[in-house]
1. Which one of Glu182, Glu227 is surrounded by 19 or more Cβ atoms within 10 Å (Cβ to Cβ), more than 20 Å from Lys156 (Cβ to Cβ) and out of contact with any helix residue (DSSP H, G or I) (no Cβ under 9 Å at 6 or more places or on another chain)?
2. Is the stretch 217-232 home to any residue that is modelled with pLDDT under 95, of a type outside the set (A, V, I, L, M, F, W, C) and touching a Ser or Thr at 6+ places or on another chain (Cβ under 7 Å)?
3. Specify the residue that is least open to solvent (accessible area, probe 1.4 Å); the eligible residues are those in the stretch 18-28 that are part of a helix (DSSP H, G or I) and either under 10 Å from Leu6 (Cα atoms) or among the charged types (D, E, K, R) (or both).
4. Go through (1) surrounded by 15 or more Cβ atoms within 10 Å (Cβ to Cβ); (2) out of contact with any Leu (no Cβ under 8 Å at 6 or more places or on another chain) one by one and return the number of the condition Ala143 breaks.
5. Counting just the residues of the stretch 29-42 that are over 14 Å from the mean Cα position of the chain (by Cα) and in contact (Cβ under 8 Å) with a residue 12 or more places away in the chain, which one comes out surrounded by the fewest Cβ atoms within 10 Å (Cβ to Cβ)?
6. Determine if the stretch 209-217 includes at least one residue that is part of a loop (DSSP other than H, G, I, E, B), under 15 Å from Phe145 (Cα atoms), open to solvent by 10 Å² or more (accessible area, probe 1.4 Å) and touching a strand residue (DSSP E or B) at 6+ places or on another chain (Cβ under 8 Å).
7. Take the residues in the stretch 230-250 that are part of a strand (DSSP E or B) and more than 25 Å from the chain's Cα centre (by Cα), then tell me which one is surrounded by the fewest Cβ atoms within 10 Å (Cβ to Cβ).
Amino acid sequence: MNCDQLRDHYDLFALDIAEQPERGEIRDHLNRGCDVCKAGVRRSLETATLIGATAPPAQPSAQLRRRILTSVGREERPSRSMLWASVLAMTALVVVAVYFAATGWQYAQAAARLRDQVRGQAAQIDRLTEAFAILSGPRTIEASFGGVQPKPPQGKVFVNPSRGVLLIASNLPRTSADKIYEMWIIPRAAKPVPAGLFQSQDDGNAMHVQPGTVDVSSTAAIAVTVENQAGADQPTTQPLIVASLPATPR
């Protein structure tokens, strides 16, 4: 199925009530990195969140309208279409409240969490898209890092001259609450260049993407240090990670 055929099902997918085969088709499109479906699902996720929290006079797709009304035992009648905004406000609260098994103040908390999740998912999609662009770039070079001491940080960096730098690490413990990791691009004959702040997960895994152009021929290494939460203009600690890049012709 193409994106035009799936467009009316984005709202249902966002509420996790889409049926097959549309549900599977949308998931396949998202897994392939389809920009049209990613944007459509993102808008629907945002709409689903805002409907429950603020009940605006929105006009969702006709299929979503019928599905929500049916789910609460209501039937839409053309003569009552003018009442749709108020019906939507009530039924959306029911659907989302049941979906999160929450009522009253618990629902308000659930809606707030969902808004945060939507923002986080949107950022994650953008980050994964950038990471994939670096990994799949024809001019991407890679370098490994890791040591011989027990459980050192290990992994790889991928550098693309037009896309940026991707770092994937394991065995990288979380920093203390007042610290954070900072990545650096180390030129062969100049000062280190800050390349973004990041934190590892509880399991010690980390992925950091710094989009942008990189002069690969003049870059000696990619490094990571522990810095204060605000970051630093230049490294203040010994690097935990140093991935030396192979020399490339200018």
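1. Result of the check over Glu182, Glu227: Glu227.
2. Yes: the stretch 217-232 contains one or more residues that are modelled with pLDDT under 95, of a type outside the set (A, V, I, L, M, F, W, C) and touching a Ser or Thr at 6+ places or on another chain (Cβ under 7 Å).
3. Residue satisfying both the conditions and the ranking: Ile26.
4. Going through (1) surrounded by 15 or more Cβ atoms within 10 Å (Cβ to Cβ); (2) out of contact with any Leu (no Cβ under 8 Å at 6 or more places or on another chain) one by one, Ala143 breaks only (2).
5. Val36
6. no
7. Ser244
The values are calculated or read from the model by the stated rules, or taken from the named source; none is laboratory data. It should be emphasised that the depicted structure is a prediction, and the values quoted were computed from it without experimental measurement. Don't worry about glycine lacking a Cβ; one is built from the backbone with ideal geometry, like all the others, and counts go over all protein chains shown. The area values use the complete protein model at the heavy-atom level, side chains included, leaving out ligands, DNA and RNA. Shrake-Rupley method; radii C 1.70, N 1.55, O 1.52, S 1.80 Å.
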